[in-house]
Amino acid sequence: MEDLKTYILQVPPVTRYFTGITFFLSFCMTYSIISPYQLFLVFEYVGKGQIWRLLTTFFFAGTFSMNFLFAMMMNYWTINNIEKYFEGKEADLAALLIFNAFTSMFFAWLASEYMVMQSCYIFSLMYVWSKLVPDQPMQIWGFPVKSGHLPWVLIAFHTLTGGNPFSDLIGVAAGHTYIYLRMVLP
């Protein structure tokens, strides 16, 4: 038990809290402690005082399932890599996380796909990381890929496996907005 505690404390704090909150909310939904309908982003309810929906929409990964497992692995990997890149630059990391949250929400609202923001938010962070570290060699299911091409490879795999790539494209738009304002515009 002490080894588990030591391992958890070695995980960078943003990664630890984000994955921990996501796991906790999924646990509560799986065992009917919380209704998932209390976590979705519905602007009508936000206007009526349910402001927690502005945050919980980013932590909603569904109930325990195979999709939940993949979402948790993607959460951990993406946020951990972003956090390592911004090590020692906590203000820049906070600005990225907040900016991408609002930008993802804005693009999703434009596309009327805004009730669950977790996957497009994580995808936006992964897109930013892939542009900040474009030449890192990786392997996706045995295929060699450079990190700069990772978003497009994941969108292709998502599409080929019958998924809807629309939330991924919302994440790309949000992430690209950050990259454009940070790297291209200045």
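The values are calculated or read from the model by the stated rules, or taken from the named source; none is laboratory data. In this text, all values refer to a predicted model and were calculated from it rather than measured experimentally. No Cβ is skipped: glycine too gets one built from the backbone with ideal geometry, and neighbour counts run over all protein chains shown. Surface accessibility is based on the protein's heavy atoms, side chains included, excluding ligands, DNA and RNA. Shrake-Rupley method; radii C 1.70, N 1.55, O 1.52, S 1.80 Å.
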Between residue 50 and residue 92, what length comes free when the chain is fully extended (0.36 nm per residue of separation minus the Cα-Cα distance, one decimal in nm)? 12.2 nm
List the residue ranges in the chain for DSSP H helices whose C-alpha atoms run 18 angstrom or more along the long axis and whose Kyte-Doolittle average is -1.0 or above. 13-30, 66-85, 90-110, 118-132, 166-179
Count of lysine pairs, the chain, Cα-Cα under 28 Å, sep. 8 or more residues or interchain, comes to 7
For the stretch 107-168, rounded, prolate or oblate, judged on the Cα gyration tensor with a ≥ b ≥ c (square roots of eigenvalues), a/c < 1.5 rounded, else prolate if a/b > b/c? oblate
Scan the chain and hand back the longest stretch that contains none of the trypsin sites (Lys or Arg not before Pro) lying in DSSP loops with at most 15 other Cβ atoms within 10 Å. 90-186
Hey, got a sec? Which chymotrypsin sites (Phe, Trp or Tyr not before Pro) in the stretch 21-68 land in a DSSP loop and have at most 15 other Cβ atoms within 10 Å? 31, 52, 64
Can you pull the percent of the stretch 13-131's accessible area that's carbon plus sulfur, 1.4 Å probe, other chains left in place? 69 percent
Among 80, 100, 164, determine the one that fluctuates most according to a GNM of the chain built with springs between C-alpha atoms less than 10 Å apart. 164
